[in-house]
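Let me begin by presenting the structure, written as structure tokens, before commenting on it.
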Amino acid sequence: MKLFLSSYRFGGHSEAFVDLTGPPSDLAVIANASDAWPRAARESSLTSEFVPLRALGYRPAELDLREYVGRSAALERALDDFGAVWVRGGNTFVLRAQLARSGADEVIAERVRRGSIVYGGYSAGACIAAPSLIGVEDADDPGEVRPATGVDPVWTGLGLVCFSIVPHLNSVLDENDSGHATMQRLRRDGIDCRGLTDEQAIVVDASGTRVLGS
């Protein structure tokens with residue numbers, strides 16, 4: 001199993017992601033965490049996402065989960081073309097709902113666990129790897145889910161790691177400065193969690209789990 005989980009993009013550790021994937025090739029970009037945004041903002045964010053990926057030599061292409069609602073077999077076939085997925089930030093609950101509607105939650109998790117695909121994600125894309133999304137509501141609004149997807153929020157994560165992730169510590173992206181309070185609450189409730197600054201990343205591979213950056 002190979003995972004690259006960060007707070008903001010590569011957090012200054014792009015070489016670690018390249019080490020996980022091997023020579024850059026076709027890469028599936030999942031941007032559905034931004035499905036509640038206005039169309040122009042969503043398209044702009046996707047375009048900006050491709051720039052650093054192409055600079056590393058990847059050939060990014062969007063894998064829009066909205067096109068696979070109720071079509072998990074088609075999603076399976078689409079993923080055959082990629083050795084890695086890159087899941088960008090946005091609203092974690094909206095992303096989780098779209099993963100569930102398309103069956104991508106089970107398909108991607110199974111492929112990651114058997115080692116046939118590398119998972120990279122930041123912010124919402126990192127938070128979703130946890131067993132639970134409890135605590136994420138301090139930063140992301142679950143109320144955006146039903147208007148954007150037509151379903152209720154899902155509070156379980158993909159369970160790719162055994163801890164929750166709190167991104168954007170000490171960051172301008174933490175608009176409510178809620179990250180440290182979220183970590184304190186989760187720990188008080190007995191939930192294992194890891195906080196990340198925008199300069200850090202978590203890497204999971206055969207050698208174990210490690211945090212990059214101070």
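So the values come out like this:
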item: Radius of gyration and maximum dimension Dmax of region 1-60, Cα, Å; result: 12.4, 35
item: Distance (nanometres) between label positions extended 7 Å along Cα→Cβ at ASP138 and ASP177; result: 1.4 nm
item: The chain - accessible surface per residue (Å², probe 1.4 Å); result: 44 Å²
item: For the chain, built as a Gaussian network whose Cα springs stay under 10 Å, the top-fluctuating residue of ALA31, ALA78, ALA55; result: ALA55
item: nm² value of the averaged projected area, convex hull over the Cα atoms of region 82-207; result: 8.0 nm²
item: 9 Å beta-carbon shell around ASP26, net charge (K/R +1, D/E -1); result: 0
item: Stokes-Einstein translational diffusion, region 139-201 - Kirkwood Rh over all Cα pairs, 0.890 mPa s, 25 °C, in µm²/s; result: 185 µm²/s
item: Of all accessible heavy-atom area on region 56-214, the percent that carbon and sulfur account for (1.4 Å); result: 48 percent
item: In range of the label at ASP152: residues from region 70-100 whose backbone nitrogen is under 17 Å from the point 7 Å along Cα→Cβ; result: 93-94, 96-98, 100
item: Among (i) 18.4; (ii) 20.1; (iii) 17.0, the entry derived from the coordinates for Kirkwood radius over Cα pairs in Å; result: (iii)
item: Compactness of region 125-171 as Cα Rg over 2.2 N^0.38 Å, two decimals; result: 1.19
item: Reciprocal of mean inverse Cα separation for region 23-115 (Kirkwood radius, Å); result: 13.5 Å
item: Net charge dipole size for region 87-214 [Lys, Arg +1 and Asp, Glu -1 on Cβ; Debye, nearest 20]; result: 480 debye
item: Residue of ALA41, ALA124, ALA84 that the Gaussian network model of the chain assigns the largest fluctuation, springs spanning Cα pairs under 10 Å; result: ALA41
item: DSSP beta bridge pairing in region 161-214, given as percent antiparallel to the nearest 5; result: 60 percent
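The values are calculated or read from the model by the stated rules, or taken from the named source; none is laboratory data. Everything numeric here is computed off the predicted structure, so don't read it as measured data. All Cβ positions, even for glycine, are placed from backbone atoms using ideal geometry, and neighbour counts span all protein chains on display. Just so you know, the surface numbers come from the protein's heavy atoms only, side chains and all, with ligands and any DNA or RNA stripped out. Shrake-Rupley method; radii C 1.70, N 1.55, O 1.52, S 1.80 Å.
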